[in-house]
Amino acid sequence: MPLPEPFREYVENVCGQIRWKKVRPAVAEELEAHLDDQRQALMEEGASEEDAVKETLRQMGDPVDVGGQLDRVHRPKPQRAMLAAVGLLLVMGFCFSLAANLLRGVEGNPVRVVNAYLLAAVLILCCYFLDFSFLGKIPVILNGGFLALTAFLFIRSSYGPYRDFQFGGGSFNLAYFSLLVPLLFALLIYHYRNRGYRGIGYCVLWFLPYLVLMSLCPPYAGMVTAIVSCFLLLCMAVWQGWFGTERRKGMFFSLIPAILCAALGCLVIFSQEHNREQVLLLFNPELAREGAGYHYWVKRELLKNAHFIGHGDPVDFLETSMASTSTLSFDWDNFLTLFTYDFGWIVFLAVVAALAIFAVLAFRRVRKLTNALSRVVALAILFTLLGQIVFYLLETLGFGLISGLSLPLISPGNAALMVDAVLVGFLLSVFRNGEAMQTENLVKRATIFARFLKKES
């Protein structure tokens, strides 16, 4: 039965007081349901329809008052603590860049460093203020466009140790595109939910071209992170019943392609002699004195001689030139090891603490998310960032089986910094806007409505 016109006007007046436009449709739907329920109750008690409508509106009270209270309930949640943690990571990365330039004589234009971090901050804020939910409306377009773009850049890229796409005076390592794969895959999971085993199959089929492209673009830390992250998300979705399948059969249907993709990834990685040597180095570090793992051995020896605070002890068994500040050729795969040796373990611990604060704050917020899109997007981004952190810290300590990509928001380098800035920005957007999609807000609205409905006649 259509709502009476007075009810429609009342709902419009209430919603007009709510400044967060995104939540108005949900509030209107809930409010209409409460008005109709109350009208039906009064009519069952013997009131005419006209009297029931008037009495319901009288009990609800002033629409401006109701709307004002709902406005106080529904506002975007400013992520001050998360923004502070992100700002700390950016400041640390900026300081490391300047220190590399001033203390280690690394060539580079300080102005470009400033511009890079300012651009990263702008990207984070832009994505933060965007409504992330638009991603869930065009998952097929996003994935198809991304695959086409990656294939095009791959064809046009140069191949040395890595696949680099040259443009202007710079280059972009295509391996960094792998950091976006879990986010895009999460959108596919959301899109194909409620489609049974066919939906799971569609997700797996979409992942296969990603796997092929990532296997052709070393270093492979991004590929491993993507494989683990994507299939963790898929198994989580199956386990929670998103696809509407029987839980055990759905998990089996998901794990088989996960194992096959992992096996293919291992085959790609360990088909290279350099990577096979790294396995041996874990059990016999002395083998690294010669060959491809030499720099890992040097890192371990430097850290053995590092102090908690201050410059580390000389490494006597290395050549004199190797024991100086040029022990390792300075690049951003080595910077945390070298700064730990130069200034002490306190530098390493400070970086780990800053990353841990960010991760703990993020996971605490993810636990509060109940909306499917919010949760799967947030977890996809967090898994990606954690994968980067784990691989990079292992490499810093000299135990990297495969080369890491970057340390989120700390490692300079425009490609990694900008990709991570976009991911972190969308993560903050989920925490800021996801509340509008939370089912728990129905309870808040119902509580407010009930309070007005209980007013004395």
³J(HN,Hα) across the stretch 356-373 via Karplus (A = 6.51, B = -1.76, C = 1.60, θ = phi - 60°), whole Hz, x for Gly/Pro? 5, 4, 4, 5, 5, 4, 5, 5, 5, 6, 4, 4, 8, 7, 10, 5, 4, 5
Separation of the Q59 and R156 label points, Cα + 7 Å toward Cβ, nm: 6.6 nm
Cα convex hull of the stretch 5-75: mean projected area in nm², to one decimal? 4.3 nm²
Can you tell me the order of 88-96, 177-185 when each peptide is scored by its average per-residue count of other Cβ atoms within 10 angstrom, highest first? 177-185, 88-96
Testing the spin-label approximation: label points 7 Å from Cα along Cα→Cβ at Q272 and C235. State their distance in nm. 2.6 nm
Residue order, fewest to most surrounding Cβ atoms within 10 angstrom, among M60, M223: M60, M223
Determine the sum of side-chain charges near A221: Lys and Arg each +1, Asp and Glu each -1, restricted to other residues whose C-beta is under 12 angstrom from that of A221. -2
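Net charge near W206: determine it from the other residues with C-beta under 15 Å of the C-beta of W206, scoring Lys and Arg +1 and Asp and Glu -1. Let's see the in-between values first.
Details: positive: R193, R195, R198; negative: none.
Local net charge: +3.
Could you calculate the FRET efficiency of H307 with A353 from 1/(1 + (r/R0)^6), where r is the beta carbon distance between them and R0 is 22 Å, rounded to 0.05? Display every interim value, and only then the final one.
On the way: r = 18 Å, r/R0 = 0.83.
Once rounded, the FRET efficiency stands at 0.75.
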Please list 3J(HN,Hα) in residue order for the stretch 207-224, calculated via the Karplus relation 6.51 cos²θ - 1.76 cosθ + 1.60 where θ = phi - 60°; whole Hz, with x for glycine and proline. 6, 4, x, 4, 4, 4, 5, 5, 5, 9, 10, x, x, 9, 4, x, 5, 5
Residues with amide H under 5 Å of C217's amide H, sequence separation 5 or more or different chain, H placed in the peptide plane at 1.01 Å from N; which? none
For R163, the residues 5 or more places away or on another chain with a placed amide H closer than 5 Å to its own amide H are L174, A175
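No value in this document is a laboratory result; all are computed from the given coordinates. Predicted, not measured: the structure shown is a model, and the values here were computed from it. Don't worry about glycine lacking a Cβ; one is built from the backbone with ideal geometry, like all the others, and counts go over all protein chains shown.
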